[in-house]
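The values are calculated or read from the model by the stated rules, or taken from the named source; none is laboratory data. Given the structure is predicted, the values throughout are model-derived calculations rather than measurements. Glycine also receives a Cβ, built like all others from the backbone with ideal geometry; neighbour counts cover every protein chain displayed.
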Amino acid sequence: MVEISSKRIDEEKERKVHNEGFSLVELMVVMAILAILASIAVPIYEGYSERAAKQVCNVNCLQVERIYHIYLLMENKEHTNNVFDEFIQNYEETICPDNGDIKYVNGKVRCMLHSEDEANGNNDDGSVPFYK
């Protein structure tokens, strides 16, 4: 019985000797791998957040456009820049998450930061932009 207990004590001593933890090199390798993964993930996330803000703004502009048209019909008013500016001031919700300038251009409500049409001067048909 004494031999069995001394063997167990020797085994426990050996286990404790080999349980040293991580070396500095192993920790540095893990930190380097995490840094590489973070450098890949952060730009991708920024792209998603920019696209999401743009989509939210465009959807909000469409909603405001519909509400504005209903407002003009209900109040029996015609569109002018002053009427639209007054409407936007009374509209209590945030339209653009990036606080872009909201304008009424060619019968549509557009954000000057996120709009992809002629309001920003971006024409996809390759023609030269001109103003009437």
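One table, with the values for the structure above:
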{"quantity": "Glu11, sole failed condition from (1) in a helix (DSSP H, G or I); (2) of a type outside the set (Ser, Thr, Tyr); (3) modelled with pLDDT of 90 or more", "calculated": "(3)"}
{"quantity": "Test: residue in the range 15-33 that is out of contact with any helix residue (DSSP H, G or I) (no Cβ under 6 Å at 6 or more places or on another chain), in a helix (DSSP H, G or I), modelled with pLDDT of 90 or more and small (Gly, Ala, Ser)", "calculated": "yes"}
{"quantity": "Matching residues, the range 97-115, being surrounded by 13 or more Cβ atoms within 10 Å (Cβ to Cβ) and either free of Cβ contacts under 8 Å to residues at least 40 places away in the same chain or outside any loop (DSSP other than H, G, I, E, B) (or both)", "calculated": "Ile102, Lys103, Tyr104, Val105, Lys108, Val109, Arg110, Cys111, Met112"}
{"quantity": "Residues that are surrounded by 10 or more Cβ atoms within 10 Å (Cβ to Cβ) and either touching a His at 6+ places or on another chain (Cβ under 7 Å) or not hydrophobic (A, V, I, L, M, F, W, C) (or both), drawn from the range 24-39", "calculated": "Glu26"}
{"quantity": "Any chance Tyr71 is among the aromatic types (Phe, Trp, Tyr) and at pLDDT 85 or above", "calculated": "yes"}
